[in-house]
Amino acid sequence: MNLILDIGNTRVKWALFKDDTLTLQGIVSPDSLPRLCRQHSWSCAAVCASGQADLSPLTLSGRPVHILGPDSRLPIAVDYATPRTLGPDRIASACGAWKLFPNANSLIIDAGTCITIDFVDASGTYRGGAILPGLDMKFRALHTFTARLPLLENVEGSNHIVTGRSTAESITAGVLTATRFAVQGFIQHYTSLHGAVNILLTGGDSARLWASGSPSLPSASFHPDLVLTGLNVILKQNEK
């Protein structure tokens, strides 16, 4: 059984895989890692660490642990000018996309604290992408760097507002709708260059960004476990 950990700044997403099948998953705080490691039976582990956490419960377990980094063996090639600065979550999601859609173009839209857009071409090469401010980051920036704009929190994405008729609606249009337009622009760019492209949505804000009532995405599919899937693939590449 493989233990897969996606460690962020405030939470840890974990999963147990038996071969390619995800059998159990959950979310814990970083300080709950020791208990998690004791509670479940696992033979080896893979870690994607974008945030800080004490990994000693894993590394001192006596079992193989692979921490994703720039020297990891991958199922895809990486064509990136600064591979050592490439976020491990971005490369894990790219490997997950290649697992789900081999020999095909894929565009991954990961809506979290930041929104990342990453492209893997049909030859199995990661080509890079873009990093945008996330939704909450934009809401907070408008409030923090102005004197009178309110902070809007927990804004649902059900209404596709283009022309705001109040300050709150105008902020929502400037954040939610403009972000959707930006992402759609990236999709249009890649499809115009490469033809058929699989659009994969992941990340905690993906449902809010493309909620009911939002413009539809062509051939888009939700994959909330994309990073975990990619990490499990990477672990197999590095087991020896």
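The values are calculated or read from the model by the stated rules, or taken from the named source; none is laboratory data. A quick note: this is a predicted structure, and the numbers were derived from the prediction, not measured. Counting neighbours? That spans all protein chains shown, and the Cβs are built from the backbone with ideal geometry, glycine included. The area values use the complete protein model at the heavy-atom level, side chains included, leaving out ligands, DNA and RNA. Shrake-Rupley method; radii C 1.70, N 1.55, O 1.52, S 1.80 Å.
Structure summary
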item: Residue in segment 37-45 that is closer than 12 Å to residue 235 by Cα, over 22 Å from the mean Cα position of the chain (by Cα) and not in a loop (DSSP other than H, G, I, E, B) present; result: yes
item: Residue in segment 163-176 that is open to solvent by 40 Å² or more (accessible area, probe 1.4 Å) and of a type in the set (Val, Ile, Thr) present; result: yes
item: Filter result (surrounded by fewer than 16 Cβ atoms within 10 Å (Cβ to Cβ) and either acidic (Asp, Glu) or at pLDDT below 85 (or both)) within segment 195-216; result: 211, 212, 213, 215, 216
item: Residue ranges of helices (runs of 4 or more DSSP H) in segment 155-240 with at least 2 members more than 17 Å from residue 108 (Cα to Cα); result: 167-172, 226-238
item: Residue among 174, 203, 230 that alone is of a type outside the set (Val, Ile, Thr), touching a helix residue (DSSP H, G or I) at 6+ places or on another chain (Cβ under 9 Å) and free of Cβ contacts under 8 Å to residues at least 60 places away in the same chain; result: 174
item: Those residues of segment 179-194 which are surrounded by fewer than 16 Cβ atoms within 10 Å (Cβ to Cβ) and under 20 Å from the mean Cα position of the chain (by Cα), in sequence order; result: 181, 182, 184, 185
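Yes/no matrix, rows are residues, columns are (1) closer than 17 Å to residue 231 by Cα; (2) among the aliphatic types (A, V, I, L, M); (3) part of a loop (DSSP other than H, G, I, E, B):
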residue	(1), (2), (3)
92	yes, yes, no
110	yes, no, no
115	no, yes, no
118	yes, no, no
122	no, yes, yes
